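**Q** Sending over a structure as structure tokens; questions will come in a sec.
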Amino acid sequence: MDTNKLLQHVIKQISVGVVILDQEYRIQYWNDFMEVNSNFTFDMVKDKTIFEVFPEYLEKWVRKKIDTVLTLDIMSFTSWQQRPYLFDFPSSRPVTERSDKMYQNITFFPMHKPESQDKLVGILIFDATEIAMQHQALEEVTTQLQMEKNEQAKLIKKLEEAQAQLLQSEKMAAVGQLAAGIAHEINNPMAFVTSNVNTLDNCIKDLFRIITVYDEAIELSANEELLAATKKAKHDFDFEFLQEDLKDLLKETKDGAGRVKKIVQDLKDFSHVDESEWIIADLHKGLDSTLNVVWNEVKYKADVIKNYGDIPAVECIASQINQVFMNLIINASHAIEEKGTITITTRNYNDNKVQISIKDDGKGIEKKHIKRLFEPFFTTKPIGKGTGLGLSLSFNIIKKHHGSIDVNSEVGKGTEFIITLPVDKKIKDIDTVSH
């Protein structure tokens, strides 16, 4: 048998999906795997775009993948852990397995038409259902073993929880110390820079005044040779541009120094390293400094809306309250899968109490998880993405401040955490902390 025909026969019948698209996303090849799982023959889909055949496709994401492969001429991959059902195919194991969908690993790769410079994109679809099922079964076994711990293990776990919370608290204190230390170290050289830039600004202004005086004196002297030399020098060195450029450079330098000063102040406000005792704190200032510290974590995920009310200063340990703000704001950004909104609202509540609401429009929390949110080590994040200590530590901090923290959440619509704090730490008639 001819080698090319043999290869075509193998590709057609191999148990891997093979699709070839042109630069307009139109289907140029489609093997038996695709026909069986999609119920579309090649003749039915030929020259149609992949998005016409699969209207449920994640079109924006796929276009980006294909364009990247075409532009950079490189391969690209996606796994079932990232996107389980890129193609909406039924499971090939409907009886023996629990999934009714086919888990898939996908490879995108560049191609060229034979004897042509036209580019093509190949797509390989690997059935990963068996691997996925084994992975999920392993997770279930691990969960089951965890549930079968005896009373002694539970006691050990409680000790570990207490130790972990202590370590987390110490770690946050260390972060505060580090932030304050960085702020202090930056402050000193920035003071020199700011002072020197201001002095340089004045010196340059004086130099330009002196040059103006020289110009006027040369004009009055009517010395043609001096006038010509001066004019030539100004032309050669583009004196007018030099004047304007120096002004812009100094202004940009002052603006940059001002931004650094603002960052340093935010670090100091966030850490409150010298204020580990109870103080009268401005919560709005704490929220703003915390937002600036975690802004790199938030800016790509969410727009932040501030609805600050007219609330009094609160007696608290400011660095600890800022830790709570940080945990809730970062959690809110993690709950938003692509781009969303985080809304921060402050208001007076009853007598001598204030409320701080941090609300996101992310994926929300299932009801069965809400009652466990404040348990140490409990997390709804993927393995390796969270310790499960942030909310537990926040819960204990608010409790220490004789306050409460409540949660409202709806799957698919978002989550709101509401903190209630007494204005005065002597007020202890706050309701029991609720979930």
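The values are calculated or read from the model by the stated rules, or taken from the named source; none is laboratory data. Since this is a predicted model, take the numbers as computed values, not measurements. Methodologically, a virtual Cβ is constructed for each residue, glycine included, from the backbone with ideal geometry; neighbour enumeration extends over all protein chains shown. Remember, those area values only see protein heavy atoms, side chains included, never the ligands or the DNA or RNA. Shrake-Rupley method; radii C 1.70, N 1.55, O 1.52, S 1.80 Å.
**Q** What does the net charge come to around residue 26 if you take all other residues with beta carbon closer than 11 Å to its beta carbon, with K and R at +1 and D and E at -1?
**A** Around residue 26, the charge tally is -2.
**Q** Separation between the residue 248 and residue 199 pseudo-spin-labels, each 7 Å from Cα along Cα→Cβ, expressed in nm?
**A** For the pair residue 248/residue 199, the computed spacing is 2.8 nm.
**Q** What does the extension gain come out to for residue 142 and residue 375, with contour length at 0.36 nm per residue minus their alpha carbon separation?
**A** Residue separation times 0.36 nm, minus the Cα-Cα distance, leaves 82.0 nm.
**Q** Set the Förster distance to 41 Å, then compute FRET efficiency between residue 351 and residue 300 from the Cβ-Cβ distance, nearest 0.05.
**A** So, using R0 = 41 Å, E works out to roughly 0.50.
**Q** With a 1.4 Å probe and every protein chain left in place, tell me how much accessible area residue 77 has, in Å² to the nearest 10.
**A** Roughly 120 Å² of residue 77 is accessible to a 1.4 Å probe.
**Q** Taking 0.36 nm per intervening residue step and subtracting the Cα-Cα distance, what contour gain separates residue 109 from residue 16 on full extension?
**A** Roughly 32.0 nm would be gained on extension.
**Q** Now for a different question. Using modelled backbone amide H atoms (1.01 Å from N, in-plane), which distant-in-sequence or interchain residues come within less than 5 Å of residue 120's amide H?
**A** Here the answer is 111, 112, 113, since their amide H atoms fall under 5 Å of that of residue 120.
**Q** On a 28 Å Cα-Cα criterion, which of the cross-link pairs 285/339; 48/101; 64/363; 251/339; 285/359; 306/339 come out too long?
**A** Table pairs above 28 Å Cα-Cα are 251/339.
**Q** For a quick protection proxy, order the peptides 282-295, 304-317 by their average other-Cβ count within 10 Å, most packed first.
**A** Taking the mean over residues of other Cβ atoms within 10 Å, the ranking is 282-295, 304-317.
**Q** Modelling each spin label as a point 7 Å along the Cα-to-Cβ direction, I'd like the residue 74/residue 413 distance in nm, to one decimal.
**A** Here the modelled spin labels are 4.3 nm apart.
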